[in-house]
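In what follows, a single structure is set out as structure tokens and then discussed.
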Amino acid sequence: ERKILKCNSEPITVDAIVDTGPIYTAYEWKDENGNNMGNERFLEIAETGVYTLEKEINCGMEIETVTIEDNDLAIATITEEQECGFTYLIVEPRGGEPRYDYRILNVSTFASSNKLKVYEPGDYIVQIKDKFECIAEKAYTVVEVSPQMFLDPYRSSGNEVTVNVSGGTPQFQFQLENRRFSISNILEIPGPGTFAINVKDGLGCISSQKISIECEALEIPKFLTPNGDGIHDTWQLKGLECYPNLKV
């Protein structure tokens, strides 16, 4: 006996062979009243009900009952889970036949995760699809989403980086590498290299970005001969812009 769920108002094509069954030589489909409906392997059925399938194999006969029911697939609940820069819509299915796929219409494609990301407030159509390709949907309104945070760091002086922030929720705190967070968006760099800049907003959300700083090589003259001949008359270091804490 086999039960198949049919999408509402949509006909369904039923295969006489389940998975990789034996080789049959003939088929006969019958409705509830015993009337012949077809003799092919595949049968399109538009109405719910109980059908009989007779399958000849070698010199014998297999008889199978196929019950077609309307699919009761539905979205039971949608709940929200706030994250930094977006909101998860968590979708719980009801009815239908696993496995389920989920999407937000015109926003995402069907996927197996029931956690759907939303980046902006608004009205959305959440959809769920089951094993039989039936689709159920539900309208849902997202009132508020934690805004995404974008960083724009740039080198504002020889040994400083200024970090501009868009999005997020004030007040912001700024950090270079693993130093302490500070409310100043001007960060002192210790020298050339690639550094991680972290910004934490008022909700505790953290956004990170790397910045690469190139500096001239530090040159220390080996000689000082102040005799007015134009050669080594002064002793001057070169490439100091990235090394503000040097002591001589």
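What follows draws every value from the coordinates through simple rules; no lab data is involved. As the structure is a computational prediction, the values presented were derived from the model and not from experiment. Glycine gets a Cβ as well: all are built from the backbone with ideal geometry, and neighbour counts include every protein chain shown.
Across the alpha-carbon set of the stretch 69-189, the Rg to Rh ratio works out to 1.22, Rh being the Kirkwood radius.
For the chain, modelled as a GNM whose springs connect Cα atoms under 10 angstrom apart, the maximal fluctuation among VAL66, VAL165, VAL18 occurs at VAL18.
For the stretch 206-248, the pair-distance distribution built from all alpha carbon pairs, in bins 10 Å wide starting at 0, is 22, 34, 25, 11, 6, 3 percent. FRET efficiency for the pair LEU218 and ASN178, taken as 1/(1 + (r/R0)^6) with r the Cβ-Cβ distance and R0 = 30 Å, rounds to 0.80.
Residues in the stretch 39-53, backbone N under 15 Å from the label point at ILE17 (7 Å along the Cα-to-beta-carbon vector): list them, ranges by number please. From the stretch 39-53, the list is 40-43.
Using all pairs of distinct alpha-carbon atoms, the Kirkwood hydrodynamic radius of the stretch 177-248 works out to 15.5 angstrom.
For GLN82 and ARG155, the difference between the fully extended length at 0.36 nm per residue and the C-alpha to C-alpha distance is 22.9 nm.
Here is the tail figure for the stretch 122-248: Cα pairs spaced more than 16 Å apart come to 73 percent of all pairs. Placing dummy labels 7 Å off each Cα toward the beta-carbon, the span from ASN33 to ASN245 is 9.4 nm.
Residues whose amide H lies under 5 Å from that of SER156, counting only those 5 or more places away or on a different chain, are VAL161, THR162; hydrogens are built 1.01 Å from N in the peptide plane. The lysine pair tally for the chain, using Cα distances under 19 Å and a gap of 8 or more places or different chains, is 18. GNM remark for the chain: springs join alpha carbons under 10 Å apart, and the peak mean-square fluctuation among ARG94, ARG180, ARG103 falls on ARG180.
R0 = 25 Å: FRET efficiency of GLU92 with SER9, Cβ-based, nearest 0.05? The pair GLU92/SER9 has a calculated efficiency of 0.50. Here the convex hull built on the C-alpha positions of the chain has a volume of 220 cubic angstrom per residue. What base-10 log of the normalised intensity I(q)/I(0) is obtained for the stretch 27-80 from the Debye formula, alpha carbons as equal point scatterers, at q = 0.18 Å⁻¹? The Debye formula, applied to the Cα set alone, gives -0.64.
About the centre of its Cα atoms, the chain shows a dipole size close to 1400 debye [charges on the beta carbon of Lys, Arg (+1) and Asp, Glu (-1) only; nearest 20 debye].
Multiplying the residue separation of ILE63 and THR194 by 0.36 nm and subtracting their alpha-carbon distance yields 39.9 nm.
Near the amide H of ILE57, within less than 5 Å, lie the amide hydrogens of THR25, GLU62, all on another chain or at least 5 residues away, with H placed in the peptide plane. Taking the square roots of five times each eigenvalue of the Cα gyration tensor of the stretch 1-129, the equivalent ellipsoid has semi-axes of 42, 14, 11 Å, listed largest first. Calculated on the alpha-carbon coordinates, the convex hull of the stretch 142-212 measures out at 78 cubic angstrom per residue. Under a Gaussian network description of the chain, with springs only between Cα atoms under 10 Å, the residue in THR48, THR65, THR234 that fluctuates furthest is THR234.
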